[in-house]
Structure formats: structure tokens, C-alpha cells
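Okay, structure first, notes after.
The values are calculated or read from the model by the stated rules, or taken from the named source; none is laboratory data. For clarity, every value in this text was computed on a predicted model and none was experimentally measured. Cβ placement follows ideal geometry from the backbone for every residue including glycine, while neighbour counts extend to all protein chains displayed.
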Amino acid sequence: SQTIHQWPATLVQPVGSPLSLECTVEGTSNPNLYWYRQAAGRGLQLLFYSVGIGQISSEVPQNLSASRPQDRQFILSSKKLLLSDSGFYLCAWSASGSTEAFFGQGTRLTVV
Amino acid sequence: KQEVTQIPAALSVPEGENLVLNCSFTDSAIYNLQWFRQDPGKGLTSLLLIQSSQREQTSGRLNASLDKSSGRSTLYIAASQPGDSATYLCAVYGGSQGNLIFGKGTKLSVKP
């Protein structure tokens, strides 16, 4: 069966520090991968999605970037965090050709 | 631009009650609609996926319906239990947008 792993679960980082959140999927090949952010009182916002290695689409201009160095690995990064980057970050995957999405357990990021 | 609205934002019911959660969307040109459950501080768990050609899907005590022409979906929960307490999110997939558009969720509390 397919599983998705996302880490760390919680993270407290100072303003201006770098960020790296990692997500991996097991049990499937060539998945579509997504990074979402969930802010308090707001819906989930799609940040990036990828349909293959090295293929990244950005939905919202921001202080973040994403990379997909391997088929089932998706990384969310920032060179310098802002206070406004605080939030709950969720990684998700869907099978190639499918639109049914499955989510990881999320990372709570607090920028101080 | 697709917008998804969930009403009510919060709902509190006594254990054993049957209840209905509502989801509406502005653009009826969707591929599918997915209902999720989110426990506090956790990721999203997929509950039901309804393809645009389907009218309803059932899983245990859950039944989701879709009226694409009117832009509405309902999630029916039978014989509610305290363990059903969570936030329920609906999301629609519109092919032209390439990603899931989420509502802000309904926070359900089932009192023993």
C-alpha cells in the first residue's frame, strides 16, 4: 500500500533562517506531488505541485521554493524565513492520471 | 475562479444524531469532489471521492452526494459518535486549474 511521510512534525525557526521540509511517498511510482499551506481561519492554499522529477509549478509567488530531486521525494525550502511563513504545511500525492489526493500528517512551522 | 463554501462553519450535536454537512461550489465544471476529515494538528484523511458522473458514494456511516448542476454536495453522517468530532473539508478538482480547491471546513463536535 502507499504511504506518505512528512517531517518534521513541528518546527520553530527564527526569522531569516533557512527552511527545508521533506516529503516522501512509498508504494507508488511517478506520483503527482503537492505542497499546501493551511493558515488559521483560511482554507488550504496550493503552493507547488510536481508531475515529475525536476518539474515544479508554483501557484503563488512567495518566499518559498520546491524541488523534486527523486521520483518520490518533494522538498519545500526557503533561504530566509519571514514571520508570515508560519503555518501548517501539508504534503500530498495523487497517482499519475488520478485526481484523488492523499495527505501527509503535516508540519507545524512557527517563525519567531 | 472556483470558490468552495462550507456551511455551517461549526456544528455541535449530541451523540446518536444524524447530521448533514454542506458544500457548495461556484463553477460546475468539476472532475470530482473529495471529502476529507482533519483532526486537530493533523493531516487530512480522505473520506470519499465522488466523480463528476456519480451522484453519491457511501462508506460505512458516511454518505456523500453530488449535484453538479446546482454546485452542491452534502456529507451525511449517520448515528454520530464522539469519535466523529473533527473538521470536515470538501474540495473540488477542476481540470483547468490543475489542483484541488478547498472550502474552509466545518468543525463538528459530537457530545457524549
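Might you let me know whether the stretch B:86-102 holds any residue that is assigned to a loop (DSSP other than H, G, I, E, B) and either aliphatic (A, V, I, L, M) or modelled with pLDDT of 95 or more (or both)? No: the stretch B:86-102 contains no residue that is assigned to a loop (DSSP other than H, G, I, E, B) and either aliphatic (A, V, I, L, M) or modelled with pLDDT of 95 or more (or both). A single member of A:TRP35, A:TRP93 is of a type outside the set (S, T, N, Q), touching a Pro at 6+ places or on another chain (Cβ under 6 Å) and touching a residue at least 40 places away in the same chain (Cβ under 8 Å), and it is A:TRP93.
Quick check on this structure: which one of A:PRO18, A:PRO31, A:PRO14 is away from chain B (no Cβ under 14 Å) and closer than 28 Å to B:GLY103 by Cβ?
Exactly one of A:PRO18, A:PRO31, A:PRO14 is away from chain B (no Cβ under 14 Å) and closer than 28 Å to B:GLY103 by Cβ, namely A:PRO31.
Residues in the stretch B:29-63 that are without any contact (Cβ under 8 Å) to a residue 12 or more places away in the chain and among the small types (Gly, Ala, Ser): B:GLY41, B:GLY43, B:SER53, B:GLY60.
Put simply, of B:SER52, B:SER69, B:SER12 the only residue that is within 14 Å of another protein chain (Cβ to nearest Cβ) and over 10 Å from the mean Cα position of the chain (by Cα) is B:SER52. Taking the criterion of being free of Cβ contacts under 8 Å to residues at least 40 places away in the same chain and surrounded by fewer than 12 Cβ atoms within 10 Å (Cβ to Cβ), the only residue of the stretch A:1-16 that qualifies is A:SER1.
Among B:ASP67, B:ASP39, which is the only one that is acidic (Asp, Glu), touching a Ser or Thr at 6+ places or on another chain (Cβ under 9 Å) and either surrounded by 16 or more Cβ atoms within 10 Å (Cβ to Cβ) or under 30 Å from A:SER57 (Cβ atoms) (or both)?
Details: B:ASP67 fails: either surrounded by 16 or more Cβ atoms within 10 Å (Cβ to Cβ) or under 30 Å from A:SER57 (Cβ atoms) (or both).
Exactly one residue qualifies, and that residue is B:ASP39.
What do you reckon, is B:SER69 touching a residue at least 40 places away in the same chain (Cβ under 8 Å) and in a loop (DSSP other than H, G, I, E, B)?
Numbers: touching a residue at least 40 places away in the same chain (Cβ under 8 Å): yes; in a loop (DSSP other than H, G, I, E, B): yes.
Here the answer is yes, as B:SER69 does meet what is asked.
The one condition from (1) in contact (Cβ under 8 Å) with a residue 24 or more places away in the chain; (2) out of contact with any helix residue (DSSP H, G or I) (no Cβ under 9 Å at 6 or more places or on another chain); (3) on the phi < 0 side of the Ramachandran plot; (4) surrounded by fewer than 18 Cβ atoms within 10 Å (Cβ to Cβ) that B:ALA79 does not meet is (3).
Please count how many residues of the stretch A:97-112 are more than 7 Å from chain B (Cβ to nearest Cβ) and under 19 Å from B:LEU48 (Cα atoms). Number satisfying all stated conditions: 2.
Mind checking whether some residue in the stretch B:31-53 is part of a strand (DSSP E or B) and over 25 Å from A:ARG42 (Cα atoms)?
Of all residues in the stretch B:31-53, those part of a strand (DSSP E or B) come to B:32-38, B:44-51.
Now drop any that are not over 25 Å from A:ARG42 (Cα atoms), which leaves B:51.
Looking for residues that are part of a strand (DSSP E or B) and over 25 Å from A:ARG42 (Cα atoms), one finds at least one in the stretch B:31-53, hence yes.
Keeping to the stretch A:17-75, report how many residues are surrounded by fewer than 12 Cβ atoms within 10 Å (Cβ to Cβ) and not in a strand (DSSP E or B). Within the stretch A:17-75, residues that are surrounded by fewer than 12 Cβ atoms within 10 Å (Cβ to Cβ) and not in a strand (DSSP E or B) number 9.
Give the number of residues within the stretch B:82-103 that are within 14 Å of chain A (Cβ to nearest Cβ) and surrounded by fewer than 18 Cβ atoms within 10 Å (Cβ to Cβ). Can you show your working first?
Keep residues of the stretch B:82-103 that are within 14 Å of chain A (Cβ to nearest Cβ), which gives B:86-103.
Next, from what is left, pick out any that are surrounded by fewer than 18 Cβ atoms within 10 Å (Cβ to Cβ): B:95-98.
Of the residues in that region, 4 qualify.
When B:VAL20 is tested against (1) among the β-branched types (Val, Ile, Thr); (2) assigned to a strand (DSSP E or B); (3) crowded, with 19+ Cβ neighbours inside 10 Å, exactly one condition is not met: (3).
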